[in-house]
Each structure stands twice: as structure tokens, then as C-alpha cells.
1. What trypsin sites (Lys or Arg not before Pro) in the stretch 61-112 are in a loop by DSSP, with at most 16 other Cβ atoms within 10 Å of the Cβ?
2. Express in nm, to one decimal, how much length is gained between SER125 and ARG58 on full extension, taking 0.36 nm for each residue of separation and deducting their alpha carbon distance.
3. Quick one: compute a quarter of the convex hull surface over the Cα atoms of the stretch 1-64 and quote it in nm².
4. For the chain, what proportion of DSSP beta bridges, expressed in % and rounded to the nearest 5, is antiparallel?
5. When ligands, DNA and RNA are left out and all protein chains stay put, how many square angstrom of accessible area per residue does the stretch 9-66 have with a 1.4 Å probe?
6. Among 39-52, 6-19, how do they line up by average Cβ neighbours within 10 Å per residue, starting with the highest?
7. Quick one: give the max-minus-min coordinate of the C-alpha atoms of the stretch 57-126 along each principal axis, largest first, in Å.
8. Could you calculate the FRET efficiency of PHE101 with VAL5 from 1/(1 + (r/R0)^6), where r is the beta carbon distance between them and R0 is 25 Å, rounded to 0.05?
Amino acid sequence: QVQLVESGGGSVQSGGSLRLSCATSGYTISSTNYIGWFRQAPGKEREGVAGINTHDGRTHYDDSVKGRFTISQDNAKNTVYLVMNNLKPEDTAMYYCAAGFGWWRTMPKPELFRYWGQGTQVTVSS
């Protein structure tokens with residue numbers, strides 16, 4: 001069974017940086033091959049931020065974070081990271097990592113992911 005645990009959230013000022021971690025267990029290529037980062041602010045829809053195909057290393061980014069956020073994986077630690085630079089107040093949200101199986105050209109929708117972590121809060125003050 002796939003389990004995901006997020007960590008690394010916190011409160012920072014505009015322009016600051018954070019590194020989120022998604023520690024995975026029970027992750028196999030036959031069950032899941034893609035890890036995505038999503039965020040949801042109060043009263044707003046959950047949106048995709050970044051994703052990585054852990055099989056071939058291809059990445060996707062939402063336009064709002066492209067050039068600021070970087071997703072990567074450390075297979076030895078079974079962990080996917082999201083490095084967030086130049087954070088803005090509009091980045092404030094609960095951030096979730098999710099695992100699914102598929103081969104997509106662009107960042108997939110939340111409903112395509114089967115497994116989810118508990119979330120980690122990111123707050124950016126102006």
C-alpha cells in the first residue's frame with residue numbers, strides 16, 4: 001500500500017524559500033509512477049503545482065510557479081522534493097503530495113491521483 005507523508009511547510013516572508021518533502025513507502029512502478037504536488041487555499045479549488053514521472057523523470061509545472069519551483073526525486077530516500085523559491089503571498093495554501101499512475105503531457109487533475117498525503121501548510125506573508 002502506498003503511503004505519503006509531507007513535511008517542510010512553514011511561514012516565510014515574500015521572496016523566501018521552502019523545501020517540501022514527500023516521503024513515500026510502498027511505491028512501485030506497477031501501482032504508481034507519478035508524484036504530484038497540489039495546493040488548496042481556503043475557499044478555492046485544489047490546483048496542481050508540479051509533478052514528476054518517477055519512471056522517466058519528466059516534470060510538469062503550473063505556469064504560476066514555473067521558474068520559481070523545482071520538483072525532484074531522490075530514489076535512494078524514496079522522497080520527492082518541491083523546492084520553492086521567491087515565494088509570494090498567493091502561494092499560501094495547504095500543500096499535498098499525491099501518487100497516481102499515468103502518462104500525461106501536462107500536469108494532471110487531482111481526481112487522477114489515488115493516494116494522498118496529509119498536507120503541509122505554507123504561509124507567505126507580504
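The values are calculated or read from the model by the stated rules, or taken from the named source; none is laboratory data. The model shown is predicted, which means the values in this text are computed figures rather than measured ones. Note that we place each Cβ from the backbone using ideal geometry, even for glycine, and neighbour counts take in every protein chain shown. Ligands, DNA and RNA are excluded from the accessible area calculation, which covers all protein heavy atoms including side chains. Shrake-Rupley method; radii C 1.70, N 1.55, O 1.52, S 1.80 Å.
1. On the way: sites: LYS66, ARG68, LYS77, ARG105; in loops: LYS66, ARG68, ARG105.
Within the stretch 61-112, the qualifying trypsin sites (Lys or Arg not before Pro) (loop, at most 16 other Cβ atoms within 10 Å) are LYS66, ARG68, ARG105.
2. Numbers: separation 67, 0.36 × 67 = 24.12 nm, distance 3.18 nm.
In short, 20.9 nm is gained.
3. That works out to 5.7 nm², a quarter of the Cα hull's surface.
4. On the way: 38 of 42 bridges.
Given both bridge residues lie in the chain, the antiparallel proportion sits at roughly 90 percent.
5. Working: 2900 Å² over 58 residues.
Value returned for the stretch 9-66: 50 Å² of accessible area per residue.
6. Packing proxy ranking, top to bottom: 39-52, 6-19.
7. 37, 28, 25
8. That pair, PHE101 with VAL5, gives E of 0.80.
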